[in-house]
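Peer 1: Here it is, the structure, as structure tokens.
The values are calculated or read from the model by the stated rules, or taken from the named source; none is laboratory data. Note that the structure is predicted; figures quoted are calculated from it, not measured. Here the Cβ is made from the backbone with ideal geometry for all residues, glycine too, and neighbour counts use every protein chain on show. Surface areas here come from the heavy atoms of the whole protein model, side chains and all, with no ligands, DNA or RNA. Shrake-Rupley method; radii C 1.70, N 1.55, O 1.52, S 1.80 Å.
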Amino acid sequence: MMYDELYQAWKHEITEHILGPLPRDFYERITHYLRKIKEETSLPDNKILKITLLDTETANVKYMLGELLWARYKKLVKFTTQTQKLSVDLLAFEEAQIFESFVPFTEAYQKFAKNLLKGQTRQSRQETRKRVTLRFSKEIPQIMGVDMKSYGPFNVEDIASLPVQNAKIIVKQNLAVIVDVV
């Protein structure tokens, strides 16, 4: 039952320090589950007790879901700020899309902060103009490049030229391979 699955995921995220795995379709199924409860409460033949129980179930689901999302968000931010490698298998589909966009931003910002502390305020123009051609092995959503331009979304087998820093991250995550252009 979806309620039990949510409860187990919620319990893990609020008691454990590590990110727990979620099925890729977890949020889609939660949405469907909430919709189903809402439809059931609006049926004309339902008794007041059943409606009250369904309303309580809805409130519990929304509470656990809110806490689950917040706990996972904090853990994902921690992963990216500590530059730890994260298995995308732990993430639901929607989380994976968001996370893949967030990692390049975090790494670029960390590099900016490191350079700033060294007394360097900008990347050299030559460095930002360097690009690499990639062939994508997995679908990825639109990302923000270090040059502050949007790239993507990309499908499997798409080929695109991206800034070196973004390309390194994407290749490191096994989402694409570098294409040698002669």
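Peer 1: Can you tell me which of Ile48, Ile18, Ile14 is β-branched (Val, Ile, Thr) and under 15 Å from Leu90 (Cβ atoms)?
Peer 2: Step by step, each of Ile48, Ile18, Ile14 is checked, and only Ile18 is β-branched (Val, Ile, Thr) and under 15 Å from Leu90 (Cβ atoms).
Peer 1: How many residues, within region 65-102, are of a type in the set (Ser, Thr, Tyr) and part of a helix (DSSP H, G or I)?
Peer 2: Qualifying residue count for the region: 4.
Peer 1: Shifting gears a bit: Pull out all pairs, ordered by first then second residue, where Cβ-Cβ is under 7 Å, the residues are six or more apart or on different chains, the first lies in region 5-24 and is more than 13 Å from Lys74 (Cβ to Cβ), and the second is open to solvent by less than 90 Å² (accessible area, probe 1.4 Å) and assigned to a loop (DSSP other than H, G, I, E, B).
Peer 2: Close Cβ pairs satisfying both conditions: Ala9/Gly20; Ala9/Leu22; His12/Gly20; Leu22/Leu91; Leu22/Ala92; Pro23/Ala92; Arg24/Ala92.
Peer 1: Which pairs turn up if I take residues in region 150-170 that are touching a residue at least 24 places away in the same chain (Cβ under 8 Å) and look for partners that are crowded, with 21+ Cβ neighbours inside 10 Å and in a loop (DSSP other than H, G, I, E, B) with beta carbon separation below 9 Å, at least 6 apart in sequence or on another chain?
Peer 2: The qualifying pairs are Pro163/Val146; Val164/Val146; Gln165/Val146; Asn166/Val146.
Peer 1: When only residues in region 170-182 that are at pLDDT 90 or above and of a type in the set (A, V, I, L, M, F, W, C) count, which is farthest from Phe102 (Cα to Cα)?
Peer 2: Val179
Peer 1: Kindly indicate the residue of region 30-44 that is within 30 Å of Val77 (Cβ to Cβ) and among the hydroxyl-bearing types (Ser, Thr, Tyr) and also least open to solvent (accessible area, probe 1.4 Å) among those meeting that condition.
Peer 2: Tyr33
Here's the yes/no breakdown for (1) exposed (fewer than 13 other Cβ atoms within 10 Å of the Cβ); (2) within 28 Å of Ile140 (Cβ to Cβ):
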{"residue": "Met1", "(1), (2)": "yes, no"}
{"residue": "Glu5", "(1), (2)": "no, yes"}
{"residue": "Ala9", "(1), (2)": "no, yes"}
{"residue": "Glu13", "(1), (2)": "no, yes"}
{"residue": "Glu28", "(1), (2)": "no, yes"}
{"residue": "Glu57", "(1), (2)": "no, no"}
{"residue": "Thr81", "(1), (2)": "yes, yes"}
{"residue": "Phe93", "(1), (2)": "no, yes"}
{"residue": "Glu100", "(1), (2)": "no, yes"}
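Peer 1: Here is a follow-up. Filter region 13-35 down to the residues that are of a type outside the set (Phe, Trp, Tyr) and in a helix (DSSP H, G or I) and list them by number.
Peer 2: Glu13, Ile14, Thr15, Glu28, Arg29, Ile30, Thr31, His32, Leu34, Arg35, listed by residue number.
Peer 1: Taking Glu40 as meeting all but one of (1) modelled with pLDDT under 95; (2) under 19 Å from Leu91 (Cβ atoms), write down the number of the exception.
Peer 2: (2)
Peer 1: Return the residues of region 114-158 that are surrounded by fewer than 11 Cβ atoms within 10 Å (Cβ to Cβ), at pLDDT 90 or above and more than 20 Å from the chain's Cα centre (by Cα); say none if nothing qualifies.
Peer 2: Scanning region 114-158 gives a single hit, Glu157.
Peer 1: Could you please find all residues in region 161-182 being in contact with a helix residue (DSSP H, G or I) (Cβ under 9 Å, 6 or more places away or on another chain) and open to solvent by less than 90 Å² (accessible area, probe 1.4 Å)?
Peer 2: Ser161, Leu162, Pro163, Val164, Gln165, Asn166, Ile169, Ile170, Gln173, Leu175, Ala176, Val177
Peer 1: Among Lys62, Lys47, which is the only one that is more than 24 Å from Ser150 (Cβ to Cβ), open to solvent by 90 Å² or more (accessible area, probe 1.4 Å), under 23 Å from the mean Cα position of the chain (by Cα) and at pLDDT 85 or above?
Peer 2: Answer to the check: Lys62.
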